[in-house]
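Participant: First the structure, then my questions, so here it is.
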Amino acid sequence: MILFILKRIGYAAPVALGVSLVCFLLVHLAPGDPLSAILPVDATAEMQAQMRAAYGFDKPLPVQYGLWLWKVLQGDLGTSIATGRPVLAEVGRAVGNSLILASVATLIGFTFGTFFGFVAGYARDSWLDRVASSIAVFGVSVPHYWLGIVMVIVFSATLGWLPPTGAGPQGSGNWFPDLEHLRYILLPAITMSVIPMGVISRTVRALVGDILHQDFVQALRAKGLSEFGVFRHVVKNAAPTAIAIMGLQLGYLLGGSILIETVFAWPGTGFLLNAAIFQRDLPLLQGTILVLAMFFVTLNLLVDVVQTALDPRIERA
C-alpha cells in the first residue's frame, strides 16, 4: 500500500507542475493592464515602469513563470495588487470559508443523494423510483445561481427566516460553528448541495440496481440471509464508487462555487476570484486558482487511496 501511495504521488507531481503552468499562462495572456487598478490616470511613463519592475511584469513570461514558481515552492504567492496584502493570507482565509461551505454542501448532497439512490435502486420501475429519479434530474439540471436567487427571495425576502448574505452577523468574514452562524450557511449550502445530490443519487441508483442482479446477492438470499444482511453487502460493494464520486463533487464545489458565493456574498474563494477578476489582480488571481487546483489534485489522490483501501479488487500496481 505504501508503494502504491508513493506511485500515486509521483503521478500527481507532473500534473501539479502542468496545472501551475496553465494557470500562469491563462492569467497572463488575458487582455488588460493589471496595474491600471492602482496607477493614477495621469501616471507618468517612469512611474509605470517602476511599478512594472516592482511586480516583475517587465521581465519575459518564461522568466516571470520561473520566479513565480520558485516563490510558490517557498510558500510565497506574492502580494495582492489591489490590497497590498500577502496573497497567501487572503487565499488562506477564503479557502477555509469555501472548504466549510463545500463540506457542508457535500455532506447534505451525499446524505440525501445516497438515500434517494438506494430508494430508487431497490424500487426499480416503481413510483418511488420515478419520484427519486425526478428529484435527481432536477438536481443536475437546475442552474445554481437561479436556485440561489429563488432561495433568497423565498426564505429571506418573503418569509424572513434566514439571512440572505454573508458568513455571520454584522458582515463577519469568518464562519464559526455556532447556532447564529449556522443560519448564514444554510441557504448557500442547500443551494450548492443540489447538484451533488443529483449526481450521487443517479450513481447509487445504477450501482444498487446492478449489484442486486448479481449472482452473489441471489446466493446470499438463497442461504437465508436477512434483507438487512443483504443490504449491508450491497452497501459495501457500492461504497467505493460512491465515495469517489463524493470526493470529486467536493473538489468541484470548492473550485466552482464562484456564482453561489457571489449570490450569497459568502467570503470564500469564489467571491475572492470574482473580485480579483474585476480588479485585474494577477497575483491574487493566479494564487487563488493555483491553490484550488492543487487542492483538487490532492483530493483526487486521497480519493484514489481511500477507494483502493476499501475495495481490494482494485489493482494496486
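Participant: Once phi is turned into θ = phi - 60°, what whole-Hz ³J(HN,Hα) does the Karplus curve with 6.51, -1.76 and 1.60 give for every residue of segment 132-148, x standing for Gly and Pro?
Facilitator: Karplus-based 3J(HN,Hα) across segment 132-148 equals 5, 5, 5, 4, 5, 5, 4, x, 7, 9, 6, x, 4, 5, 5, 5, x Hz.
Participant: Further, regarding this structure: Would you please classify the overall shape of segment 241-295 from the alpha carbon gyration tensor, given that a ≥ b ≥ c denote the square roots of the eigenvalues, rounded means a/c under 1.5, and beyond that prolate means a/b larger than b/c while oblate covers the rest? Let's see the in-between values first.
Facilitator: On the way: a/c = 3.95, a/b = 1.69, b/c = 2.34.
Oblate, since a/c reaches 1.5 and b/c is not below a/b.
Participant: Ok, one more. Helix 61-73 against the longest principal axis of the chain: what's the angle in degrees, Cα atoms only, rounded to the nearest 10?
Facilitator: With both axes taken from Cα atoms, the answer is about 60 degrees.
Participant: Could you list which residues have their amide H under 5 Å from that of Thr79, counting only those 5 or more apart in sequence or on another chain, with H placed in the peptide plane?
Facilitator: Hits under the 5 Å cutoff: Val87.
Participant: How high is the relative contact order of segment 144-269? Use alpha-carbon pairs under 8 Å, at least six apart in sequence, and give a whole percent.
Facilitator: Values: 101 pairs, mean separation 43.2, N = 126.
Computed value for segment 144-269: 34 percent relative contact order.
Participant: Something else about it: From the protein chains alone at 1.4 Å, what is the descending order of accessible area for Ser103, Ser134, Ser193, largest first? Walk me through the intermediate numbers first.
Facilitator: Numbers: Ser103 50, Ser134 70, Ser193 10 Å².
Putting Ser103, Ser134, Ser193 in descending order of accessible area: Ser134, Ser103, Ser193.
Participant: What nm distance separates the two modelled labels at Ala157 and Ala206, each placed 7 Å from Cα along Cα→Cβ?
Facilitator: Between Ala157 and Ala206, the label points sit 3.8 nm apart.
Participant: About its Cα centre, what dipole magnitude does segment 84-193 give when the only charges are +1 on Lys and Arg Cβ and -1 on Asp and Glu Cβ, stated in debye to the nearest 20?
Facilitator: Details: 5 positive and 5 negative charges, 22 e Å.
Dipole of segment 84-193, to the nearest 20 debye: 100 debye.
Participant: Continuing with the same structure: Treating only the Cα positions of segment 161-317 as identical point scatterers, give the base-10 log of I(q)/I(0) from the Debye formula at each q in 0.08, 0.14, 0.19, 0.21 Å⁻¹.
Facilitator: -0.37, -0.87, -1.17, -1.28
Participant: Place +1 on the Cβ of every Lys and Arg and -1 on the Cβ of every Asp and Glu in the chain, take the dipole about the Cα centre, and give the residue among Ile185, Tyr65, Trp266 whose Cα lies farthest towards its positive end.
Facilitator: Result: Ile185, furthest along the dipole toward the positive end.
Participant: Can you figure out the FRET efficiency of Val63 with Leu186, using R₀ = 45 Å and their beta-carbon distance, to the nearest 0.05?
Facilitator: Values: r = 48 Å, r/R0 = 1.07.
About 0.40, to the nearest 0.05.
Participant: Please give the length that would be gained between Leu225 and Lys7 if that part of the chain were fully extended, namely 0.36 nm times their separation in residues minus their C-alpha to C-alpha distance (nm, one decimal). Don't skip to the answer; put the middle values down first.
Facilitator: Working: separation 218, 0.36 × 218 = 78.48 nm, distance 4.05 nm.
Computed gain between Leu225 and Lys7 is 74.4 nm.
Participant: Just name one of Val230, Leu26, Gly117: the one whose Cα is farthest towards the positive end of the charge dipole of the chain (beta-carbon charges, Lys/Arg +1, Asp/Glu -1).
Facilitator: The Cα lying farthest towards the positive end belongs to Val230.
Participant: Run the numbers for Phe216 and Ala265: contour at 0.36 nm per residue of separation, minus the present Cα-Cα distance, in nm. Could you put the intermediate results ahead of the total?
Facilitator: On the way: separation 49, 0.36 × 49 = 17.64 nm, distance 5.08 nm.
Result for the pair: 12.6 nm of gain on full extension.
Participant: At 1.4 Å probe size, with every protein chain present, just tell me what the per residue accessible area of the chain comes to in Å². Show your work: numbers first, answer last.
Facilitator: On the way: 16700 Å² over 317 residues.
Here the per-residue accessible area is 53 Å².
Participant: Here's something else I'd like to know. If I build a Gaussian network model for the chain, linking alpha-carbon pairs within less than 10 angstrom, which residue out of Asp125, Asp281, Asp304 has the largest mean-square fluctuation?
Facilitator: For the chain, modelled as a Gaussian network with Cα springs under 10 Å, the answer is Asp125.
Participant: Still on this structure, please answer the following. With a cut-off of 8 Å between alpha carbons and a minimum separation of six or more residues, what is the relative contact order of the chain in percent?
Facilitator: On the way: 384 pairs, mean separation 86.2, N = 317.
With pairs under 8 Å counted, the relative contact order is 27 percent.
Participant: Let me ask something else. Want the number for Thr83 to Phe138: 0.36 nm per residue separation, take away the alpha-carbon distance, what's left? Display every interim value, and only then the final one.
Facilitator: On the way: separation 55, 0.36 × 55 = 19.80 nm, distance 4.09 nm.
Contour length minus the Cα-Cα distance gives 15.7 nm.
Participant: Rounded, prolate or oblate for the chain? Axes are the square roots of the Cα gyration tensor eigenvalues, ordered a ≥ b ≥ c, and the cut-off for rounded is a/c under 1.5. It would help to have the intermediate numbers written out before the result.
Facilitator: Details: a/c = 3.01, a/b = 1.64, b/c = 1.83.
Verdict is oblate for the chain.
Participant: What 222 nm value per residue comes from the helices of the chain, counting each DSSP H run with n ≥ 4 as -39,500 (n - 2.57) and dividing by all residues, nearest 500 deg cm²/dmol?
Facilitator: Numbers: 12 runs with 228 residues, N = 317.
About -24500 deg cm²/dmol.
Participant: Report, in debye and to the nearest 20, how large the dipole of the chain comes out about its Cα centre when Lys and Arg carry +1 and Asp and Glu carry -1 on their Cβ.
Facilitator: Values: 19 positive and 18 negative charges, 169 e Å.
The dipole of the chain has a size of about 820 debye.
Participant: Mind checking which lysines have their Cα closer than 27 Å to the Cα of Lys7? Skip sequence neighbours fewer than 8 apart in that chain.
Facilitator: List returned: Lys71, Lys236.
The values are calculated or read from the model by the stated rules, or taken from the named source; none is laboratory data. From a predicted model like this one, the values you see are computed outputs, not experimental measurements. Here the Cβ is made from the backbone with ideal geometry for all residues, glycine too, and neighbour counts use every protein chain on show. Surface accessibility is based on the protein's heavy atoms, side chains included, excluding ligands, DNA and RNA. Shrake-Rupley method; radii C 1.70, N 1.55, O 1.52, S 1.80 Å.
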